[in-house]
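Visitor: The structure is given below, and queries will be raised subsequently.
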Amino acid sequence: MNPEAQQDVSVSQGIRMMFYMVKPNETSFQTLEEVPDYVKQATPFFISLMLLELAVSWILKGKPSGRLDDALTSISAGIFSRLPSLFSRSIELTTYIYIWENYRLISLPWHSPWTWYLTFLGVDFGYYWFHRMAHEVNIMWAGHQTHHSSEDYNLSTALRQSVLQIYTSWIFYSPLALFIPPSVYAVHLQFNLLYQFWIHTEVIDNLGPLELIINTPSHHRVHHGRNRYCIDKNYAGVLIIWDRIFGTFEAENEKVVYGLTHPINTFEPFKVQFHHLVYIWTTFWATPGFFNKFSVIFKGPGWGPGKPRLGLSEEIPEVTGEEVPFSSPVSHLLRIYAVVQFALMLAFYEETFADKAALPQVTILLRVCFIILTLTSIGFLLDQRPKAAVLETFRCLVFLMLYKLGHVKPFIPSLSFAFEIFFSICIAFWGVRSMKLASGPWK
């Protein structure tokens with residue numbers, strides 16, 4: 001995908017691409033280099049739809065559609081998952097191109113509507129099986145669990161993506177490379193992902209006859225539930241017909257409780273991304289026997305010696321509907337501070353993606369390190385970790401160092417002095433706070 005291609009989309013095109021309501025003649029390209037980065041172009045539509053959801057939720061329910069700490073963690077995971085693309089093309093594309101160039105059987109015409117619609121079906125079918133295996137194979141679940149770790153269900157949850165997931169998902173799309181041009185595949189790979197954004201909401205109820213054919217918020221709410229009736233159901237990307245065909249469909253009935261069956265109770269991004277890998281590692285060494293160790297990796301997350309491949313449903317904790325999601329106990333003032341720092345980091349993140357072709361590799365690397373440091377520090381603050389104040393002091397010092405060396409700069413040059421003053425005050429405050437915390441708990 002090329003971020004320079006078709007830089008701007010109209011409001012109409014942007015809305016339509018979020019719902020896969022695009023035409024073959026406007027989204028067909030001869031070469032991969034011509035394919036726009038639709039996911040990057042969707043950023044303002046992500047934000048607009050999240051604000052619209054917030055407003056509708058206030059009007060209909062008298063409360064916001066989620067919690068600030070959870071939303072920040074979800075967006076953080078989305079940022080984390082996109083950072084590797086600053087350095088190289090996605091493995092989903094590189095492996096596809098390799099198979100296409102070396103093993104393709106036929107070359108379907110890139111400009112044919114039939115090729116476009118066949119690819120739509122092929123990518124969605126591949127996604128169903130990838131998604132299903134991501135729940136049924138423990139090592140793949142280690143990546144996908146990130147997306148399910150939110151205890152809220154709103155549009156920000158859709159952005160809670162795994163940095164590991166693409167390293168297995170490509171396998172399920174690779175058969176298409178035997179006959180589908182990479183440029184057509186790249187378009188549908190993005191639209192399939194974008195479609196799944198709007199279905200992460202509670203403000204849309206039943207959609208009538210559409211529920212029979214397409215994946216809807218109601219169907220996907222079931223998929224995100226930790227109720228026993230929700231487990232391993234509704235894997236669809238766009239078309240719910242795959243679940244109906246392969247016996248994994250479940251309609252929404254009782255109240256859905258969201259999140260992992262064993263909540264992780266943290267907002268720290270590394271734990272959100274990698275905690276299940278640590279669990280697999282520990283379980284692998286604690287489990288006796290070669291075949292049992294093999295099963296720890298390749299059978300379901302609930303498997304154990306003497307159990308069925310996917311574990312026992314009766315071992316899944318029952319929900320009562322009275323579960324209270326894990327929330328940060330920090331003050332309102334500290335929440336505001338976290339939002340301000342997150343917004344500044346997000347602006348640097350967007351600027352880095354926009355200017356990556358012109359930036360030196362060392363600048364990109366340093367910015368990525370700073371972004372990761374910021375996400376981690378905000379997670380520590382929300383979790384009230386003992387070392388949070390020390391880490392935040394260090395992060396602010398790193399920012400000033402990068403600023404002095406010219407690797408980051410204010411978005412408005414006239415605010416340069418204000419940026420220096422602001423981060424100097426932050427360093428002083430958190431430095432004093434870290435010394436106080438050395439002799440007592442958070443207050």
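The values are calculated or read from the model by the stated rules, or taken from the named source; none is laboratory data. No experiment lies behind these values; they were computed from the predicted model shown. Positions of Cβ are generated from backbone atoms using ideal geometry, with glycine treated the same way; all protein chains shown enter the neighbour counts. Just the protein is used for accessible areas: all its heavy atoms, side chains included, with ligands, DNA and RNA removed. Shrake-Rupley method; radii C 1.70, N 1.55, O 1.52, S 1.80 Å.
Visitor: Give me the dipole magnitude in Debye, nearest 20, for the range 301-443 about the Cα centre, with unit charges on the beta carbon: positive for Lys and Arg, negative for Asp and Glu.
Guide: Here the size comes out at about 620 debye.
Visitor: Right, here's the next one. Using Cα pairs under 8 angstrom and six or more residues apart, how large is the relative contact order of the chain, in percent?
Guide: This gives 16 percent for the chain.
Visitor: Another question about this same structure. Over the heavy atoms of Thr283, what accessible area does a 1.4 Å probe trace out, to the nearest 10 Å²?
Guide: 40
Visitor: Search the structure for amide H atoms under 5 Å from the amide H of Leu239, placed 1.01 Å from N in the peptide plane, and list their residues when 5 or more places away or on another chain.
Guide: Asn215
Visitor: Using only the Cα atoms of the range 170-323, build the gyration tensor, take square roots of its eigenvalues as a ≥ b ≥ c, and label the shape rounded, prolate or oblate: rounded if a/c is under 1.5, else prolate if a/b is larger than b/c, else oblate.
Guide: Judged from the Cα gyration tensor, the range 170-323 comes out oblate (a/c at least 1.5, b/c at or above a/b).
Visitor: In whole percent, what relative contact order does the range 11-246 give with Cα contacts below 8 Å and a gap of six or more residues?
Guide: 28
Visitor: Let me spell out the model: positive unit charges on the Cβ of Lys and Arg, negative unit charges on the Cβ of Asp and Glu, origin at the Cα centre of the chain. What dipole size does that give, in debye rounded to 20?
Guide: Once rounded to the nearest 20, the dipole reads 1040 debye.
Visitor: Using each residue's phi in the range 87-104, evaluate 6.51 cos²θ - 1.76 cosθ + 1.60 at θ = phi - 60° and report the 3J(HN,Hα) Karplus result to the nearest Hz, with x for Gly and Pro.
Guide: Karplus-based 3J(HN,Hα) across the range 87-104 equals 10, 7, 5, 4, 4, 5, 8, 5, 5, 4, 4, 4, 5, 4, 6, 10, 9, 4 Hz.
Visitor: Further question: Go through Lys63/Lys233; Lys40/Lys61; Lys63/Lys255 and tell me which ones have a Cα-Cα distance over 27 Å in this structure.
Guide: Pairs exceeding 27 Å: Lys63/Lys233; Lys40/Lys61.
Visitor: If you plug each phi of the range 293-301 into the Karplus form 6.51 cos²θ - 1.76 cosθ + 1.60 with θ = phi - 60°, what whole-Hz ³J(HN,Hα) values come out, in order, with x for Gly and Pro?
Guide: Per-residue couplings from phi come out as 4, 4, 5, 4, 7, 10, 9, x, x Hz.
Visitor: Next question. Can you give me the long-range amide H partners of Tyr258? Hydrogens built in the peptide plane at 1.01 Å from N, cutoff under 5 Å, separation of 5 or more residues or another chain.
Guide: Amide H to amide H, under 5 Å and 5 or more residues apart or across chains, Tyr258 pairs with Arg226.
Visitor: Here's another thing I want to ask about it. From the Cα gyration tensor of the range 189-254, with a ≥ b ≥ c the square roots of its eigenvalues, which class applies: rounded if a/c is under 1.5, or else prolate if a/b is larger than b/c, or else oblate?
Guide: Judged from the Cα gyration tensor, the range 189-254 comes out rounded (a/c under 1.5).
Visitor: Residue by residue through the range 424-432, what is 3J(HN,Hα) from phi via Karplus (6.51 cos²θ - 1.76 cosθ + 1.60, θ = phi - 60°)? Round to whole Hz and write x for glycine and proline.
Guide: 5, 5, 4, 4, 4, 4, 6, x, 5
Visitor: Restricting to DSSP H runs of at least four residues, report the calculated mean residue ellipticity at 222 nm for the chain, -39500 (n - 2.57) per run over all residues, nearest 500 deg cm²/dmol.
Guide: Per the formula, -18000 deg cm²/dmol.
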